[in-house]
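Student: So that we are looking at the same thing, I have put the structure below in structure tokens.
Read the figures in this text as sums done on the coordinates, not as results from a lab. Note that this is a predicted model, so its numbers are computed, not measured. Don't worry about glycine lacking a Cβ; one is built from the backbone with ideal geometry, like all the others, and counts go over all protein chains shown.
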Amino acid sequence: MNYTLHFGAVWASFDQLLIGLAIGLGLAVAAVAIGTLIGLLSAFASVSHSRILRGISWIYVLLIRNIPLLVLVLLAYFALPQVGIRLDKYESFIASLALYAGAYLTEVFRAGLLSVPKGIVEAARAIGLTRLQTNLFVVAPVMLRNALPSLGNTFIGMFKDSSIAAAIAVPELTFEARKINVDTFRVVETWTVASGLYIATCFTIAALLRRLERRFPKF
Amino acid sequence: MVMDAFLAQLWIARWPLFDGFLMTIGISVGAIVFGTILGCIVGIQLVFGSFLVKLPFRLYVDVMRGTPLLVLILAAFYIPAVMGLSLSASQAGTLALGLFAGAHIGELVRGSLQAIPPGQIEAGRAIGLRFPQILANVLLPQALRSALPPWINTGVELIKGSSLLSMIGVGELLLKTQEVIGRTFMTIEFYVFAGILYLIVNITLDVLGKSLERRLGARL
């Protein structure tokens, strides 16, 4: 084993790695934002009285959770143009990651919905709120607070999964790291720094989330 | 008909796709076996090890869980070569998946070991069992049982994760699918076909896990 570490080559391209990190975070934020919308709709569908809505939500979660994200990404990027839907690499990746996040968030919000105490729903109905108002102003806030830890974990998961965008040449952190790896052959240094950046970001997000959870007391 | 053309191409490509499918299963099985052995060691050390022993295991788990699987796979593909270790792409991929699984299973085992009431260890000591005996006869049987459902879930994650190995040139299902697409240009058809294969394997695993869970649950 004759390998001496030279981090210089990696530091020279450190800016690109940081930009890549920002792109990865941006992809995750966009995907989780859209995924939250999908997840909320699907979670409400999964506890609704309509058998059809429950079925749609169940099939959606079953399909997405059991297919690799990379297959979804490649389908969205390479196969959708075949049926006339043209998305650029950012759009198609955000679309597929959002769809993926939506399935995981369905379960998160479903658990959140089931954790809302029945009493406060009945209280809201008793003071004359309509069903929609009850869901919007009583159930949703409590559910969101209860789901916050899992929501945060899903976000961290999606941020890590944003690395898969490298497969369709989105210049995020993993893509940049692979480029530096191939350009400089500083293999150990490149992957240590890339992995370190991911870990540092994940831990920062986790710490921020814990502060957020402390600020809002749990129901 | 489009469907006929696809079926004709599927027939031509049946053996490469079958090979890829076997490779996906083989690598996932290798990774889960390696990961489970590693995970049991990690989990036990995280609960019962001394502070100095815990530290490296904690570090290992946090590094594995904080790094995307794709980065682990690329690192396992490139790093061993410069260390003078020559691994084939599929060996490197299995290593990365196994190390990843080891960290996740380690956390599962840690969680379920900690969920066992401490009174049981004391009871074991009181009747004169030594620690390895307590571990093997009292703690692990219970811990592994409660870790089973999430363990199956890790298996599903590994099957899904093995698709990332196509990016380092391992001839598993997704890479074989891409090769077929490169020849036939039937992009949607073959990606959907691959997706369905993954779906079938993972749902089978899930159903298997659920029935196993029920059977073990009945024994508790």
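Student: Taking θ as phi - 60°, what are the ³J(HN,Hα) couplings along region B:152-159 by the Karplus curve (6.51, -1.76, 1.60), each to the nearest whole Hz, with x for Gly and Pro?
Tutor: So the J values, rounded to whole Hz, are 4, 4, 4, x, 4, 4, 5, 4.
Student: Hey, another quick one. What FRET efficiency would be calculated for the residue pair residue A:169, residue B:3, taking the C-beta separation as r and a Förster radius of 51 Å, to the nearest 0.05?
Tutor: On the way: r = 32 Å, r/R0 = 0.63.
The value I calculate is 0.95.
Student: Can you compute the charge dipole magnitude of chain A about its Cα centre, using +1 on each Lys and Arg Cβ and -1 on each Asp and Glu Cβ, nothing else charged? Give it in debye, rounded to the nearest 20. Before the final figure, lay out the partial values.
Tutor: Details: 19 positive and 11 negative charges, 196 e Å.
Its charge dipole is roughly 940 debye.
Student: Now a separate question. What shape does the protein assembly as shown have by the C-alpha gyration tensor, where a ≥ b ≥ c are the square roots of the eigenvalues, rounded means a/c under 1.5, and otherwise prolate means a/b greater than b/c and oblate the rest?
Tutor: Working: a/c = 1.37, a/b = 1.06, b/c = 1.29.
It comes out rounded by the Cα gyration axes.
Student: Mind scanning B:160/B:210; A:160/B:210; A:179/B:54 and naming the pairs with a C-alpha gap bigger than 24 Å?
Tutor: Check vs 24 Å cut-off fails for A:160/B:210; A:179/B:54.
Student: Of the peptides B:153-165, A:190-202, A:106-118, how do they stack up when ordered by the mean number of other Cβ atoms within 10 Å, highest first? Show your work: numbers first, answer last.
Tutor: On the way: B:153-165: 23.8, A:190-202: 20.2, A:106-118: 18.1.
Packing order, densest peptide first, comes out as B:153-165, A:190-202, A:106-118.
Student: For residue B:37 and residue B:211, FRET efficiency with R0 = 25 Å and r from the beta-carbon atoms, rounded to 0.05?
Tutor: Working: r = 25 Å, r/R0 = 0.99.
The computed FRET efficiency comes out at 0.50.
Student: For chain A, calculate the relative contact order in percent as a whole number, restricting contacts to Cα pairs under 8 Å that are 6 or more residues apart. Please list the in-between numbers first.
Tutor: Numbers: 236 pairs, mean separation 69.7, N = 219.
This gives 32 percent for chain A.
Student: Now, a different point. Return the calculated 222 nm mean residue ellipticity for chain B, to the nearest 500 deg cm²/dmol, obtained by summing -39500 (n - 2.57) across DSSP H runs with n ≥ 4 and dividing by the residue count. Provide the component values of the computation, followed by the final result.
Tutor: Details: 11 runs with 180 residues, N = 220.
Taking each H run of at least 4 residues, the total per residue is -27000 deg cm²/dmol.
Student: Residues in region A:49-86, backbone N under 20 Å from the label point at residue A:136 (7 Å along the Cα-to-beta-carbon vector): list them, ranges by number please.
Tutor: Answer for this model: A:49.
Student: While we're looking at this one, here's another question. Let me know the mean shielding of B:179-189 by other chains, meaning the per-residue number of their Cβ atoms within 10 Å of its Cβ. Could the numbers behind the result be given before it?
Tutor: On the way: counts 0, 0, 3, 0, 0, 0, 1, 2, 9, 7, 2.
Mean partner-chain Cβ count within 10 Å for B:179-189: 2.
Student: Between region A:188-215 and region B:1-31, what is the separation of their alpha carbon centroids in Å?
Tutor: Their Cα centres are 39 Å away from one another.
Student: Please compute the modelled spin-label separation between residue A:90 and residue B:133, points set 7 Å along Cα→Cβ, answer in nm with one decimal.
Tutor: For residue B:133 paired with residue A:90, the spin-label model returns 6.6 nm.
Student: To the nearest Å, what is the center-to-center distance of region B:181-203 and region A:119-179, using C-alpha atoms only?
Tutor: For region B:181-203 versus region A:119-179, the Cα centre distance is 30 Å.
Student: What is the average number of partner chain Cβ atoms found within 10 Å of a Cβ in A:199-207? If you can, show how the numbers build up before the last one.
Tutor: On the way: counts 7, 1, 1, 5, 2, 0, 0, 1, 0.
Average per residue, whole number: 2.
Student: Under a Cβ-only charge scheme (Lys and Arg +1, Asp and Glu -1), can you give me the dipole magnitude of the protein assembly as shown about the Cα centre, in debye to the nearest 20?
Tutor: Details: 34 positive and 22 negative charges, 314 e Å.
Approximately 1520 debye in magnitude.
Student: Further, regarding this structure: Kindly put A:91, B:172 in sequence by how many other C-beta atoms sit within 10 Å of each C-beta, fewest to most.
Tutor: Details: A:91 14, B:172 25.
Ascending Cβ contact count within 10 Å gives the list A:91, B:172.
Student: Given the options B:180, B:55, B:141, identify the residue whose Cα lies farthest towards the positive end of the charge dipole of chain B (+1 on Cβ of Lys, Arg; -1 on Cβ of Asp, Glu).
Tutor: Value computed over the given set: B:141.
Student: Rounded to the nearest 500, what is the 222 nm mean residue ellipticity of chain A from helices alone, with -39500 (n - 2.57) per DSSP H run of 4+ residues and division by all residues? Show your work: numbers first, answer last.
Tutor: Details: 9 runs with 157 residues, N = 219.
Estimated from H runs of four or more residues: -24000 deg cm²/dmol.
Student: Further, regarding this structure: Tell me, what HN-Hα J-couplings in whole Hz come from the Karplus equation 6.51 cos²θ - 1.76 cosθ + 1.60 at θ = phi - 60° for each residue of region B:47-61, using x for Gly and Pro?
Tutor: 8, 9, x, 6, 3, 5, 6, 4, 3, x, 5, 4, 4, 4, 4
Student: Which of the lysines could a cross-linker bridge to residue A:118, judged by Cα under 20 Å and excluding same-chain residues fewer than eight apart?
Tutor: A:218
Student: For region B:118-175 and region B:37-91, compute the distance between their C-alpha centroids and round to whole Å.
Tutor: 16
Student: Once you charge only the Cβ atoms, +1 for Lys and Arg and -1 for Asp and Glu, what is the size of the charge dipole of region B:2-219 about its Cα centre, to the nearest 20 debye? Provide the component values of the computation, followed by the final result.
Tutor: On the way: 15 positive and 11 negative charges, 153 e Å.
Roughly 740 debye, rounded to the nearest 20.
Student: Work out the mean other chain Cβ neighbour count within 10 Å for the residues of A:159-165 and drop it here as an integer. Before the final figure, lay out each step's value.
Tutor: Values: counts 1, 7, 3, 2, 9, 6, 1.
Counting Cβ atoms of other protein chains within 10 Å of each residue's Cβ and averaging gives 4.
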